Amino acid sequence: MEENKVIIACDFKDKATLYEFLEPFKGLNPYLKIGMELFYAEGPQMVKELKEMGFKIFLDLKLCDIPNTVEKAMRNIAKLGVDITNVHASGGIKMMEAAKRGLANSNTKLIAVTILTSLDDKALHEELDINKPLNEVVKDYATNAKLAGLDGIVCSPFEASIAKELNLISVTPGIRLEGDSVGDQKRVTTPSDAKKLGSTYIVVGRSITGSNEPVKQYLECVKEFYND
């Protein structure tokens with residue numbers, strides 16, 4: 001059976017809220033993204049529990065520090081057995097290589113965040129003093145991730161083709177079902193369009209977690225991503 005590549009962004013305040021959300025998903029075992037809010041609230045033990053329950057986990061902590069620190073942190077992440085984890089590409093090639101070394105004895109895929117989907121060209125130019133167009137920055141960061149030996153990148157679906165050109169996987173947040181609020185995201189699209197743009201995995205948050213019928217919304221995302 002093909003791996004389910006629709007990932008639910010579980011941005012909850014604590015484990016109790018997460019487990020309540022997951023209750024109606026029994027038998028579906030969706031891929032889960034555990035980010036900073038939940039990880040910092042509950043710690044690595046919760047991640048171990050979710051793995052024991054059979055969930056695939058994308059641990060989204062976006063590490064960015066000096067190479068030595070990141071390598072040691074990744075050694076600890078490797079013990080959790082997560083399926084995907086990430087660093088910030090802005091940390092540079094040596095840092096990404098160090099992260100890869102930290103995961104050397106695990107099966108965890110390592111990907112690099114390029115440009116957050118909450119940013120656009122205006123923010124890059126006016127706030128971060130990056131004067132290249134956004135898609136060129138993503139390509140530069142993706143190329144560095146490739147050189148560092150990483151498995152893929154985090155980008156918006158609009159840059160997924162860059163990953164494909166470099167033979168990297170793309171994990172693409174900023175996914176909303178048609179008509180849903182885009183919130184604080186800038187580069188947003190639907191599951192169907194993300195598939196057409198070349199996304200390997202899609203990360204869906206509020207369209208599922210903010211719904212009164214989360215299972216129905218999740219299955220709609222799966223249907224769109226795989227059938228359209």
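Things to note:
- Of the listed requirements (1) within 18 Å of residue 170 (Cα to Cα); (2) in contact with a helix residue (DSSP H, G or I) (Cβ under 9 Å, 6 or more places away or on another chain); (3) surrounded by fewer than 16 Cβ atoms within 10 Å (Cβ to Cβ), residue 136 misses just one: (2).
- Only residues that are in a helix (DSSP H, G or I), under 18 Å from the mean Cα position of the chain (by Cα) and within 19 Å of residue 164 (Cα to Cα) were counted across the stretch 193-228, and they come to 5.
- Of the residues making up the stretch 14-25, none is part of a strand (DSSP E or B), among the hydroxyl-bearing types (Ser, Thr, Tyr) and either touching a residue at least 60 places away in the same chain (Cβ under 8 Å) or touching a helix residue (DSSP H, G or I) at 6+ places or on another chain (Cβ under 9 Å) (or both).
- Search result, residues across the stretch 23-44 that are surrounded by 14 or more Cβ atoms within 10 Å (Cβ to Cβ) and over 22 Å from residue 172 (Cα atoms): 25, 41, 42, 44
- Selection from the stretch 185-216 of residues that are farther than 12 Å from residue 117 by Cβ and of a type in the set (A, V, I, L, M, F, W, C): 197, 204, 208, 215
- Selection within the stretch 139-150 - assigned to a loop (DSSP other than H, G, I, E, B) and either crowded, with 20+ Cβ neighbours inside 10 Å or at pLDDT below 95 (or both): 148, 150
- The one condition in (1) under 15 Å from the mean Cα position of the chain (by Cα); (2) part of a loop (DSSP other than H, G, I, E, B) that residue 119 fails to fulfil: (1)
The rows are residues; the columns are (1) within 29 Å of residue 23 (Cα to Cα); (2) touching a residue at least 40 places away in the same chain (Cβ under 8 Å).
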{"position": "56", "(1), (2)": "yes, yes"}
{"position": "73", "(1), (2)": "no, no"}
{"position": "79", "(1), (2)": "yes, no"}
{"position": "88", "(1), (2)": "no, no"}
{"position": "98", "(1), (2)": "no, no"}
{"position": "112", "(1), (2)": "no, yes"}
{"position": "116", "(1), (2)": "no, no"}
{"position": "144", "(1), (2)": "no, yes"}
{"position": "147", "(1), (2)": "no, yes"}
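- Pick from the stretch 116-133, criterion touching a helix residue (DSSP H, G or I) at 6+ places or on another chain (Cβ under 7 Å) and farther than 26 Å from residue 61 by Cβ, ranking: surrounded by the most Cβ atoms within 10 Å (Cβ to Cβ): 121
The values are calculated or read from the model by the stated rules, or taken from the named source; none is laboratory data. Predicted, not measured: the structure shown is a model, and the values here were computed from it. Counting neighbours? That spans all protein chains shown, and the Cβs are built from the backbone with ideal geometry, glycine included.
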